[in-house]
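Q: Quick one: this structure, given as structure tokens, is what I'll be asking you about.
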Amino acid sequence: MEEKWVGKHIVFFDGDCGVCNFWVQWILKRDKKDRFLFASLQSDFGQQFLTERKLNTEVFNTLYLWKPNHYYLEKSKAVLQIAHLLGGIYKLSAIGKIIPGFLSDQIYDAVSRNRMKLANQKCYLPTPDERKKFIEV
């Protein structure tokens, strides 16, 4: 594991999805404690992550949050953990934990199924500092 990953949480996302890219930008702007790195599920690194966990390597409708050597979360659990790690007002999202996981994942899946319709397909170019947070290997 590369040294720059130590203590970081890696967000795996659909690199071809406008909604997913919007949320990556949203996290980047709020990651004041520099806790996150990002990898597209379509990248070699993303494919390796999926393969090692015997997850689907062709359908990219799930967001994953991984802390190397600790855990990985998916769907609504990943979203809630990201909000918790951002801290501040976003910690209030913990209220979402009172919703049973199967129900919050159903909501997540409904958004995921319709994300391409929701997406504003404008391309985003990260700043040089933001680009350092993307894993492309």
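Q: Search the range 58-73 for residues being touching a residue at least 12 places away in the same chain (Cβ under 8 Å) and either β-branched (Val, Ile, Thr) or over 19 Å from residue 22 (Cβ atoms) (or both), and hand back the single one that is surrounded by the most Cβ atoms within 10 Å (Cβ to Cβ). Outline the logic, then answer.
A: We begin by selecting, within the range 58-73, every residue touching a residue at least 12 places away in the same chain (Cβ under 8 Å); these are 60-69, 72.
In the following step, the residues that additionally are either β-branched (Val, Ile, Thr) or over 19 Å from residue 22 (Cβ atoms) (or both) were identified as 62, 66-69, 72.
Details: 62: 19, 66: 21, 67: 16, 68: 16, 69: 8, 72: 17.
Here the answer is 66.
Q: May I ask you to say which residue of 64, 72, 90 is modelled with pLDDT under 85 and of a type in the set (Phe, Trp, Tyr)?
A: Values: 64 fails: modelled with pLDDT under 85; 72 fails: modelled with pLDDT under 85.
Selected residue: 90, the only one of 64, 72, 90 that is modelled with pLDDT under 85 and of a type in the set (Phe, Trp, Tyr).
Q: For the range 18-55, give me the residue count where each residue is among the hydroxyl-bearing types (Ser, Thr, Tyr) and in a helix (DSSP H, G or I).
A: 1
The values are calculated or read from the model by the stated rules, or taken from the named source; none is laboratory data. Just so we're clear, the structure is a prediction, and the values are computed from it rather than from any experiment. A quick note on method: Cβ atoms are made from the backbone with ideal geometry, for glycine too, and the neighbour counts reach across all protein chains shown.
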